Amino acid sequence: MKKIFLSIIFLLGLTLTAQQNQLAIPPTLTGTNINLNLQNGTYQFFPGQITQTMGANGDILGPTLILNQGDFVNFSVNNQLGEDTTIHWHGMHVSAINDGGPHTVITDGSTWTPAFTIMDKAATYWYHPHLHTHTDLHVSKGIAGLIIVKDAEEAALDLPRTYGVDDIPLVIQTKSFDNNNQIVNHANNDNVLMVNATINPYVDVPAQVVRFRILNGSSQRVFNLGLSNNENFYLITTDGGLLNAPLQTTRLQMAPGERAEILVDLNGRENQTLFLKSYASEFQNGIYGATLPGMNANMTMNGYNPNSLNGADFDILQINVTAQNANPVTSIPSTLANDTPLDESSANITRTLTFSPQNPGMNQLNGNFLINNSSFDMNVINYSIPLDNVEIWQLQNQSAIAHPFHIHDVQFYILDRNGNPPPATEQGRKDVVLVKPMETVRFIAQFSDFADDAVPYMYHCHMLTHEDGGMMGQFVVQSTNAVDENTSFDLSVYPNPATQIINIKSEKPVTKIRLTNMSGQKVFEQDFDFQNNPDIKFSKPGMYLMEIYAGSAKIVKKLVVQ
Ligand code: C2O
Ligand code: CU
Ligand code: CU
C-alpha cells in the first residue's frame, strides 16, 4: 500500500511540467483582393469542455495580411457572427470611411467592402473589431490578425523575411476563462497566456538572425519583454515603421495594441533553447501586470488577484534553435530607415486630454475612466482638426493606473514623458503610448491626406475594458476650404468618362479644383486662374471625386477616368 501511494506522488510531480505545444503560425493572405469571413468557431484550449470562439477565416484569430505600400487593395469583410461588429485596421493611415471604427457597423449577415491605397511604411499593423461596448468581447473571443506592410525601403535591407521560418509572427494575449472553459470578457482574472492562440508554445528557429513580429493583443495586460539570461536583442520597428538603426536592448515594454519587430542573433546557437519572457516583477505598481494594479497599495481591482502572472517573471515562448538554413541573414544591419520626427516648432496647437476615474478614491480601479471628464458619446465630435494640421497632444493621467492611449489616422512621435525625452525604445513612429499613473506625455502628429466632415476617427484607451466603458473620444479632420455647400451654380464636366481632356463649363469663375480617389486620398489640387490649363496625372483609371470651387461655393462631380 505504501509503495503505491509514493508512485502517485511521483506522477503528480510529472503532471506539473507543462506540456509544450508547437506554436501555430497564422496563414497569410496577400494581393489586392482580401476576403475576410468573420465566423463563430470552437477551439480546444484545455482538456474537457471545448471553447466557443470567433475568428476570421477560421476558428480563432485571422490570417496575416501581407500588403504592399502603393497597392490599391479591395477588401471584403463578411459578417457571419450572428451579431453586429466592425473591423478596424489598427495603425494604418486610411480615410475615415475605410477606418472601420464604431460608426462603420457591419451588420450581421452583411459584407463591408472598404478599398484603399496602402500608404503606410513597412511595419506590423493589425486588425480587430471595434463595435462600441463590444470590442473586448469580439477581440477576447478571438478576432485579431496581423498586417505586414512591405515597402521598398525595407525590401532593400538584409533582414529576415521568410514568414514562419526566420520571420515569426507572435500575437501575445492573456485571456480569462470560466469554469466551463469559456472565454469571459470584461474580466480581470486573465491568467491564461497564449501566443497565436497556442498555450505553452515552443517554436523551432534556425541558428541565424531571426525576426519576431510581436503584437500585444491582450485586452488589458502590459508585458515587459526580455530574453532568458537577459540576452540582448535588437528593436527594429516601433508601431508604424522602421527605426533609423537597430536598437540593442534587453527589455521592451509592450502595452495592449502596441507592435514591435525585433531581431535575435542566434548564430552558433544550434541545439540551444532560450525563452522570450515577461519580466513583470520589474513593473512599478499601477501598471496592469504589476503586483498591484493601482499605484496606491490599498487600491484593489475586482478579480485582479490572485493571478500567477501579476508581478511575476514568466515564460511567453520557448525558442529551440535548429540548424542554420540555406539563405541565412547572419548579421544585424547597422542602419535601417531614414525617418525624421516632426519638429515641435511645426505644431500650431496643443490639445490637453486628461484621464480621470469616474469613481473617486480607493475604489477608482473598479469603475469607468473619463477623458476630459466625459464618457464616449457617438453623437459628440470632440475635436475638429484642420486638414494637414501639426498638433501636440498632451495626455495627463490623473488616475492611479496606466492607460495605453491610441489614436487613429496618424502615427505620432513622443516628445516627452513628464518633460523628459522618452526611452530609446519609444523614439520611433507610434500609435499607442502607455501613460503611467499621474504622468504627462506629449506627442506630435500631422493629420494629412484625409478630410471628412461626417465620419470621425477615434482616440481611446486600448485597455479594452476601459474603451468599452467609454474611455474614448472622436475627431473629424476638416478640409480647410470654407465652403458654402448650399450655393449651387451651373456647371458641366465633359466628356465623362474622360480619356485625355476634361472640359469644365461653368456659370461662375472656377477658383480651385481638387480631385480625390474613392479612398478619399487627394490626387490633385490646384488654384485655378484661367492662365494655364492644369495637367492632372492619374496613377490609374477609375472613379474620382472632382470638387470644383467657385469662391465659397463648391460642386462635387463623380469623374470616371478611362
Ligand atoms: Cu486598435 Cu481604435 O483600436
Ligand atoms: Cu486603431
Ligand atoms: Cu485605460
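Mind listing just one residue for me: the one in region 80-92 that is surrounded by 23 or more Cβ atoms within 10 Å (Cβ to Cβ) and part of a loop (DSSP other than H, G, I, E, B) and, of those, nearest to ligand 3 (Cβ to nearest atom)?
Gly91
Quick one: what pairs do we get from region 394-405, first residue part of a loop (DSSP other than H, G, I, E, B), second within 16 Å of ligand 2 (Cβ to nearest atom), C-beta under 9 Å, 6+ apart or different chains?
Ile401/Met463; Ile401/His466; Ala402/Ala255; Ala402/Leu434; Ala402/Met463
I'd like to check something: does region 97-105 contain any residue that is assigned to a loop (DSSP other than H, G, I, E, B) and away from ligand 1 (no atom under 15 Å from the Cβ)?
Here is the first cut: in region 97-105, the ones assigned to a loop (DSSP other than H, G, I, E, B) are 99-105.
Filter once more, so that each one left must be away from ligand 1 (no atom under 15 Å from the Cβ): none.
Within region 97-105 (the criterion being assigned to a loop (DSSP other than H, G, I, E, B) and away from ligand 1 (no atom under 15 Å from the Cβ)), the answer is no, since none of the residues qualifies.
Report whether or not Thr465 is surrounded by 15 or more Cβ atoms within 10 Å (Cβ to Cβ) and of a type in the set (Ser, Thr, Tyr). Talk me through it step by step, then tell me what you get.
On the way: surrounded by 15 or more Cβ atoms within 10 Å (Cβ to Cβ): yes; of a type in the set (Ser, Thr, Tyr): yes.
So Thr465 passes the test.
Name the residues in region 254-279 that are under 20 Å from Arg221 (Cβ atoms) and either crowded, with 23+ Cβ neighbours inside 10 Å or acidic (Asp, Glu) (or both), would you? Full working, then the answer.
Of all residues in region 254-279, those under 20 Å from Arg221 (Cβ atoms) come to 254-260, 262, 275-279.
Met254, Ala255, Pro256, Gly257, Glu258, Arg259, Ala260, Leu276, Ser278 - these are the residues of region 254-279 that are under 20 Å from Arg221 (Cβ atoms) and either crowded, with 23+ Cβ neighbours inside 10 Å or acidic (Asp, Glu) (or both).
I'm trying to understand the selection: among the residues of region 462-473, which are assigned to a strand (DSSP E or B) and either within 12 Å of ligand 2 (Cβ to nearest atom) or outside the structural domain of Asn366 (by TED's automatic domain parsing) (or both)?
Applying the first criterion (assigned to a strand (DSSP E or B)) to region 462-473 yields 472-473.
Residue satisfying the conditions is Met472 alone.
Has region 434-443 got at least one residue that is away from ligand 3 (no atom under 16 Å from the Cβ) and either closer than 18 Å to Glu258 by Cα or not acidic (Asp, Glu) (or both)?
Quick first cut of region 434-443, residues away from ligand 3 (no atom under 16 Å from the Cβ) only: 442-443.
Those still in the list that are either closer than 18 Å to Glu258 by Cα or not acidic (Asp, Glu) (or both) too: 442-443.
Yes, that holds for at least one residue.
Return the residue satisfying two criteria in turn: it lies in region 527-546 and is closer than 14 Å to Pro509 by Cα and touching a strand residue (DSSP E or B) at 6+ places or on another chain (Cβ under 9 Å), and of such residues it is modelled with the highest pLDDT.
For region 527-546, the residue satisfying everything is Asp527.
Can you name the number of the only condition in (1) at pLDDT 95 or above; (2) within 30 Å of Glu525 (Cβ to Cβ); (3) away from ligand 2 (no atom under 14 Å from the Cβ) that Ala454 fails?
(1)
Give just the number: which of (1) within 16 Å of ligand 3 (Cβ to nearest atom); (2) assigned to a strand (DSSP E or B) does Val139 not satisfy?
Condition not satisfied by Val139: (2).
Quick check on region 29-63: of everything there that is without any contact (Cβ under 8 Å) to a residue 60 or more places away in the chain and in contact with an Asp or Glu (Cβ under 7 Å, 6 or more places away or on another chain), which residue is nearest to Gly164 (Cα to Cα)?
For region 29-63, the residue satisfying everything is Thr32.
Enumerate the strands (runs of 3 or more DSSP E) found wholly within region 312-388, keeping only those where 1 or more residues are away from ligand 3 (no atom under 16 Å from the Cβ). Outline the logic, then answer.
Details: elements: 313-322, 349-357, 369-371, 383-386.
Hits in region 312-388: 313-322, 349-357, 383-386.
Of all residues in region 223-253 being surrounded by fewer than 18 Cβ atoms within 10 Å (Cβ to Cβ) and among the small types (Gly, Ala, Ser), which is farthest from ligand 2 (Cβ to nearest atom)?
That would be Ser228.
The values are calculated or read from the model by the stated rules, or taken from the named source; none is laboratory data. In this text, all values refer to a predicted model and were calculated from it rather than measured experimentally. Here the Cβ is made from the backbone with ideal geometry for all residues, glycine too, and neighbour counts use every protein chain on show.
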